[in-house]
Amino acid sequence: MNILKYFSFLIVLAVLSSCAKLKEDPGAFITAGEYYKTKADAVNAVNAAYFLLNSGGPSVQTPYNTLFATGMDFMSDDIDPGPGATNADVRSQAVLNHSSTGLRVLQLWQQHYAGIKKANVAIDKVPEIEDAALTDALKKRLIGEAKLLRALYYFNLVRLFGGVPLILHDQPGVSISDFQIARNTVAEVYIQIEKDFTEAALALPDSYTGVDIGRATAGAAKSLLSKVYLTQGKWTEAVAKAEEVTGAFPYAAGSSPYRYDLFAYYAQVFLPAYKNGKEHIFSAQFKSNSLSQGNNQAPRGARSGVPGMVGSYTDQVRFYTQGADKFFSIYKLYEANDKRKKNGSFVTRFLGTDGKWYGDLNDKSIPGDSIPYLNKYWDPNQSSNLSESAANVPVIRYSEVLLILAEAENELNGPTAKAYAAYNRLRDRAGLTLLADLSKNQFREALYLDRRLELVWENQRWFDLIREKDATGKIILEDALRKVGKVNVSVPKHLLFPIPQQEIDLNTKLIQNPGW
């Protein structure tokens, strides 16, 4: 069943239930035992777990549709809300003045646990369904999809909040917030994440056809598991799992057993015409010009032709300056001939605040408050709703698997031929000089920068800031944020988000993170 069609059904239900005043009739409610009876019920149960990736219904932000952007990316050294963003919660979080009572802190917790609840329902109920149309093979696949989604939700939670309660079975009619359960340790959460991804990889197909394209695959499970290993510093496991996705050294085009590969052009990664293509391992799915199914991270101002104009919608997303440099720092980190710069990530021809058009960012007369604007997720086919793009948001793509392989191999053995081969695939596409003869530390620093430039605005930077270490073993978060003026950053406090106070009030066994 088409995931997006199912999302439409859920959204309509959410709208109706939020607007209508219903008189409760206890006899009218359908119990879980009465509902989960057919093949369609099984598929719908799993589709509901996908739903929380991109759309939680009216007025609800979800992780891969603005919540990570406004609740996490804005906190990094890449992106700033800009003076056009008037939301107080967004602005306070962007400068690390967020608290346990903040809306986005709460939504990050609740939306992930809502996804976990849906996944648990599917994992518990699908095996019990007796319907001749629901084959054992389909049951296995559906349970595998639910386990992958549960693992992904927990992977995000453990990186954001540290140890969190592991809830692996649903209790019908009971909200997860109502559970009285203590936090599991970080190690315990990662054990479950690894278990779920491993089992998902064994249960899922390599690919899909027709309306099922975009669903979780075995390659997605293995790719995400390699990232889990990388995050924990399990270098050997990260290399081995990544190589199951890329194929053997030298990782040339066509070597992946799952037929993944890089697009010829970086811009193809984000255009809706190429969605779910060979570089897309797993993505949050979006559809434009329809009811709440669009990607709200799309640059609306780019559609109107005034990217970067102060006072326009685009002024709500800006890039940091450093010192007296009036041009935004991440844009200037790209090498002059980097194809990702002007042919994929940024709009550089813009209307200045003086009413003139500019196209050369080295022009001294350019107003200091007019900027290059991020062009990812722009949908050239948008017509009726300029705030919603059909561009998918990558959860993980093939280029990142190559980066994972290169980073882990370097940490394990130094800059070997394997590390260079994986890393240079990306540099070759970007039109950059292939690297060679670097020390381990030089390779690490170069890769960190290319990872930042390759994955900008893909919900990665904050997670990298709290994971990556410099040559001395120090986590880079504090130094990186102080360079862009976030002087109130504090480590170890800001390595984790606060547990939402509302959740602590409901579950008295939850203990707040240090410093909050």
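Taken together, the values in this text are just the output of simple stated rules run on the coordinates, not laboratory data. In this text, all values refer to a predicted model and were calculated from it rather than measured experimentally. Here the Cβ is made from the backbone with ideal geometry for all residues, glycine too, and neighbour counts use every protein chain on show.
Could you check the spin-label model distance between ALA264 and LYS469? Points 7 Å from the Cα along Cα→Cβ, value in nm.
Placing both labels 7 Å along Cα→Cβ, they lie 4.3 nm apart.
Please give the peptides 457-465, 280-288, 174-182 ranked by average Cβ packing (other Cβ atoms within 10 Å per residue), highest first, as a rough proxy for protection.
Highest mean packing first, the order is 280-288, 457-465, 174-182.
How do the peptides 196-206, 144-154 rank, highest first, by the average count of neighbouring beta carbon atoms within 10 Å per residue? Before the final figure, lay out the partial values.
Working: 196-206: 20.1, 144-154: 26.7.
Output ranking for 196-206, 144-154: 144-154, 196-206.
Neighbour counts of other C-beta atoms within 10 Å: give me GLU454, GLU478, GLU128, GLU279 arranged from fewest to most. List each step's numbers first, then the result.
Numbers: GLU454 24, GLU478 17, GLU128 12, GLU279 20.
Going from least to most buried by this count: GLU128, GLU478, GLU279, GLU454.
What residues from the range 429-465 fall in the zone where the backbone N is under 15 Å from a label point 7 Å along the Cα-to-C-beta line of LEU333?
Residues passing the 15 Å test: 444-465.
What does the extension gain come out to for LEU202 and ALA436, with contour length at 0.36 nm per residue minus their alpha carbon separation?
Values: separation 234, 0.36 × 234 = 84.24 nm, distance 3.74 nm.
So the chain would gain 80.5 nm between LEU202 and ALA436.
Just order 330-340, 156-166 by mean Cβ neighbour count inside 10 Å, highest at the front, would you? Present the calculation step by step, with values, prior to reporting the outcome.
Details: 330-340: 16.8, 156-166: 20.8.
The peptides rank, most packed first, as 156-166, 330-340.
So between THR209 and LYS37, what do we pick up on full extension, going 0.36 nm a residue minus the alpha carbon distance?
The THR209-LYS37 span can extend by a further 59.4 nm.
Assuming 0.36 nm per residue, please report the length gained on full extension of the stretch ARG482 to LYS509 beyond their Cα-Cα distance. Don't jump to the answer; show the numbers that get you there.
Working: separation 27, 0.36 × 27 = 9.72 nm, distance 3.51 nm.
Going from the current span to full extension adds 6.2 nm.
Here are some pairs, LYS37/LYS117; LYS234/LYS474; LYS234/LYS509; which of them have Cα atoms lying more than 25 Å apart in this structure? Could the numbers behind the result be given before it?
Working: LYS37/LYS117 19 Å; LYS234/LYS474 18 Å; LYS234/LYS509 31 Å.
The pairs that break the limit, which is 25 Å between Cα atoms, are LYS234/LYS509.
At a threshold of 8 angstrom on Cα-Cα distance, excluding pairs fewer than six apart, so keeping six or more, what relative contact order does the range 142-192 reach in percent? Mind showing how you got there, number by number?
On the way: 30 pairs, mean separation 22.5, N = 51.
Reported relative contact order: 44 percent.
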